[in-house]
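Inspection log for the structure reproduced underneath, given as structure tokens.
The values are calculated or read from the model by the stated rules, or taken from the named source; none is laboratory data. Small disclaimer: the values here were computed from a predicted structure and weren't measured. FYI the Cβ positions are ideal-geometry reconstructions off the backbone, even for glycines, and counts take in every protein chain you see.
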Ligand SMILES: [Zn+2]
């Protein structure tokens, strides 16, 4: 592999849990990839090989659909794109204005200091719509688990998520 910036010959290195690749292409700021090949050049250029992106996005979507805390704006945007819905159509389905959806997705802050959110019903509807693309677990079970868990849980901190591509496995999975 040649560096597109300076034409140096680059050696790839597999990312690890200690030094993962931050998957910024997802639009999420807390998703990290383990087991992908990273080519880092002295000139600052960085290239990464992410195999089977569609299956990776399936696994990420599955985690987001089942997360207990309300979806963040970036997560709403990820699930909307995963469901292949333009913002205009998605806002229509949720029964909100496209401006409001845009404020939610871009984490705009209100005059009160709070960020714009979807609200509980639209949050769940987003999950149901995204789930249609992955159909491997009953949405009824997921929503009931969320309802039970959110009663007990106090923390609202967004945890870092790690997804791993093992060398001999053809599938992406959640890193333990
Ligand atoms: Zn370079």
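Yes or no, residue by residue, for (1) surrounded by 16 or more Cβ atoms within 10 Å (Cβ to Cβ); (2) outside the structural domain of residue 170 (by TED's automatic domain parsing); (3) in contact (Cβ under 8 Å) with a residue 12 or more places away in the chain:
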position: 59; (1), (2), (3): yes, yes, yes
position: 63; (1), (2), (3): no, yes, yes
position: 76; (1), (2), (3): yes, yes, yes
position: 80; (1), (2), (3): yes, yes, yes
position: 85; (1), (2), (3): yes, yes, yes
position: 91; (1), (2), (3): yes, yes, no
position: 104; (1), (2), (3): yes, yes, yes
position: 117; (1), (2), (3): yes, yes, yes
position: 120; (1), (2), (3): no, yes, yes
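Taking the criterion of being touching a residue at least 12 places away in the same chain (Cβ under 8 Å), away from the ligand (no atom under 14 Å from the Cβ) and in a loop (DSSP other than H, G, I, E, B), the residues of segment 4-39 that qualify are 15, 16, 17, 20, 23, 27, 28, 29, 30, 35, 36. Only one entry of 71, 101 meets the criterion of being at negative phi and assigned to a loop (DSSP other than H, G, I, E, B), and that entry is 71. Take the conditions (1) touching a helix residue (DSSP H, G or I) at 6+ places or on another chain (Cβ under 9 Å); (2) in contact (Cβ under 8 Å) with a residue 12 or more places away in the chain; (3) surrounded by fewer than 20 Cβ atoms within 10 Å (Cβ to Cβ); (4) farther than 30 Å from residue 171 by Cβ; residue 44 misses just one of them, which is (1). When residue 50 is tested against (1) free of Cβ contacts under 8 Å to residues at least 12 places away in the same chain; (2) closer than 30 Å to residue 3 by Cα, only condition (1) is not met.
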